[in-house]
């Protein structure tokens, strides 16, 4: 009955109308819904079985409450926003979340197989920015995997890696048991060795999970993939991942360090791992942004054709917003003038052409007073407007008009590939 009653058009929690189902998981379903009072679109995460009385129902309810508490503490651009926790008339718990457009990292890897190092680092920096914020609040995610990383494209085409699902997040001094006896807490091939052994965890457990994500994005396969759950757990505990030959030694060193079995061998923090990744690839923010723009899901049709990427430095400061234009909306001077033409030379030629044109006008004027009026129609009583003289240009049909002295202030003289701007974050 629980599943059958959730269909498009029905009302949940007395004020949300379901539009369509977005995803279905083992513990919950995600629906696109509309707020009946405001018309705003939201995502509803509805807990399966949370209205029962068995152990699994108790755990489901506690996980939902846990996620609501975690996201209430964590307000960050790289973490999905949770607005409210409601209880349906039948006792089911419902999380009201922001509606996201884009795709999960799982879906992205399904399309591309593996990603270039620059795109991998760009995604990882966003993930680590969210983790850094969570760790500063003493919250450990404990379930990092491709399904829980979302590349969100917002209305203005901002592409933001976001962390999802804090349902089993660990809080400081928490004694809650969010598992059913006999079940493993987390996803085996992405768990840290200390998490599998049920030891006391700190933030470095999440860094191990980021290491598995890095390996999978760079190689196309999980470093601890195996046919059974027990084999995956054994691989995490005992096997060292094989070197990825297609990446640089410096980048592999950072990934291998994050995958150290002993937490003391890993990076000290999410911020440190983010900085090491940036240094290992040696690329600027602009290049990282462009690399992610190439693999990011397409923005909504109504959005501006520009993708701006919030990567996040995970250094406790406001993260920069990196912008990379996907489709040019105007023709610039440098795109029309050949590369061997400098702006200075082009301007000089324009001035010369202007001088020649003006000289020609003066010569015509000085030919004589008796002929100066002959060009006017007999019925005209007013002087004709002066001729408009424009500088010569290589491609007049697509070239912005120049006055001869300098290009208009609105024209950007840089090549298209260089117009990737670093702007302050927000």
Practice item. Report yes if some residue within region 199-208 is assigned to a helix (DSSP H, G or I), more than 25 Å from the chain's Cα centre (by Cα) and assigned by TED's automatic domain parsing to the domain that holds residue 135; otherwise report no. Key: no
Exercise for review: Scan region 62-80 residue by residue and report those that are outside any helix (DSSP H, G or I) and crowded, with 16+ Cβ neighbours inside 10 Å.
Suggested key: 74, 76, 77, 78, 79, 80
**Study point:** Close pairs from region 217-243: first touching a residue at least 40 places away in the same chain (Cβ under 8 Å) and at positive phi, partner surrounded by 13 or more Cβ atoms within 10 Å (Cβ to Cβ) and assigned to a helix (DSSP H, G or I), Cβ under 8 Å, at least 6 apart
**Key:** 220/109
Study note, to complete from the structure: The condition from (1) within 18 Å of residue 105 (Cα to Cα); (2) without any contact (Cβ under 8 Å) to a residue 24 or more places away in the chain that residue 265 misses is numbered (1)
Review point. How about region 121-144: which of its residues are outside any helix (DSSP H, G or I) and surrounded by fewer than 22 Cβ atoms within 10 Å (Cβ to Cβ)?
Key: 137, 138
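The values are calculated or read from the model by the stated rules, or taken from the named source; none is laboratory data. Keep in mind the model is a prediction, meaning the values are calculated, not measured. Every residue, glycine as well, gets a Cβ built from its backbone with ideal geometry; the counts of neighbours run over all protein chains shown.
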